[in-house]
1. Tell me the label-point distance for the pair residue 438, residue 283, using the 7 Å Cα-to-Cβ offset, in nm and rounded to one decimal.
2. Over all directions, the average projected area of the alpha-carbon convex hull for the stretch 79-176 comes to how many nm²?
3. In degrees between 0 and 90, to the nearest 10, how far off the longest principal axis of the chain does helix 178-191 point, with axes built from Cα atoms?
4. Percentage of Cα-Cα pair distances in the stretch 7-278 greater than 36 Å, rounded to whole percent?
5. Once each part is reduced to its C-alpha centroid, what is the distance from the stretch 1-60 to the stretch 310-369 in angstrom?
6. Return one quarter of the surface area of the convex hull spanned by the alpha-carbon atoms of the stretch 335-383, equal to its mean projected area, in nm².
7. Spin-label point model (7 Å from Cα, Cβ direction): what's the residue 343 to residue 110 distance in nm?
8. Can you pull the Kirkwood radius for the chain, inverse mean 1/r over Cα pairs, to one decimal in Å?
Ligand code: KIV
Ligand code: ZN
């Protein structure tokens, strides 16, 4: 085994999905999993099988189509969870059960309300049971960075004895700092007698903005698996960003003699896909994947880069797959070319969705001279939501400065039934959303409404993002169209479908993974 290789464990589809507002359906998870596989991610954590039927189905679907990466499901230290995880990963070429329990005094006392001895026994029992389903079992000490050292060593040793081949020491609350975390991993290597029988993994949250630094410090102390997410998505402030850890290891191999197998040229594409699917956009100055990450604004910098790129560029835009928007198609492009383009962008659509997407593409080509990759992604993204219960059908709005009552006339397909209504509101967007609520549910609250243009020009498609909240749960929805109101309706409908997925999740709040 090459001891300098760092295993990349991507948890965009599990911890990433726990980001406020992010939720993904089965098709979306499969699409993201495919690009992660193409990037040569070693392990894809596809979800938390017990959380809902939807999560279970998504993990199973990912396990069916992805063959080159290991597929993992999360499970608490409970037989029902582990059984469900084992069933979900069954179709995988290589499947992993990732079981965890809290080990810190705070979590054991208040969250689990269990004595340390009972927790220690649960570690042994859960790993032993998980081994009945697969040889590849990972055990995590939740809140590991705040766990007493003696107890952590004991649990790690027992987990390895029980058959865990990966031991994960999460910084669950993003509390540690690099030298402290380095010392913790070093302590484990010094004190746990059977530590050489397992890969040590790290899983860092970004509450203090240190997730990447902490992950790299742990690797320098001997950890050889990093758990991370595309765009740094994840619970609260997120997890270590995959693109940042991978590019840091690649760019600074002079200082850190480690490597990953990641195809870095796919990073930008994966980042776009994840932000489109989740509706969570990347801040412009985000490292590696932000819109400004390779943009040189000051004259001095531009001059330097033109003379010699390395003056201000520590890595090339090409190394992360950044290219200029490409002009792809026009109104004469045929079905075959369209299908090929979709394949290149990572979409596989069923026949119906393909027909609808092609029709929307043709409609768009009639309205807009130049069609870019971003346009295709925006229109097709909705057509890949084949299994959505609520579908947008049509909208007509009466509005303008001379109109007394702004009115929206709306048709929706709700679970196969065509429903229509007319509603008024304070402005055309309000009227449109009132009409949607009249046909569906009104228990959710609109928290955010944002419009941006997909490409340049006044004929650009509007991409609308909405955030809905219900009982503390939030979801993001997106919709695109050359008509801003239609895009708004599509975005609201998209968010409602996601809210239905969230409502379905049955895992108790107290799990707080
Ligand atoms: O943050 C955390 O501790 C987790 C574990 C379940 C690995 O997500
Ligand atoms: Zn986590």
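1. My value for the distance between the label points is 4.2 nm.
2. Numbers: hull surface 24.6 nm².
Convex hull of Cα atoms, orientation-averaged projection: 6.1 nm².
3. Taking Cα atoms only, the helix is inclined about 40 degrees.
4. I get 6 percent for the Cα pairs in the stretch 7-278 exceeding 36 Å.
5. Between the Cα centres of the stretch 1-60 and the stretch 310-369 lies a distance of 24 Å.
6. Values: hull surface 12.0 nm².
Projected over every direction and averaged, the Cα hull of the stretch 335-383 covers 3.0 nm².
7. 5.5 nm
8. Numbers: mean 1/r = 0.0414 Å⁻¹.
Roughly 24.2 Å, rounded to one decimal.
Read-outs throughout are calculated quantities, based only on the coordinates presented, and are distinct from any laboratory measurement. Please read these numbers as outputs of a predicted model, since none were measured by experiment. Every residue, glycine among them, receives a Cβ derived from its backbone with ideal geometry; neighbour counts consider all protein chains shown.
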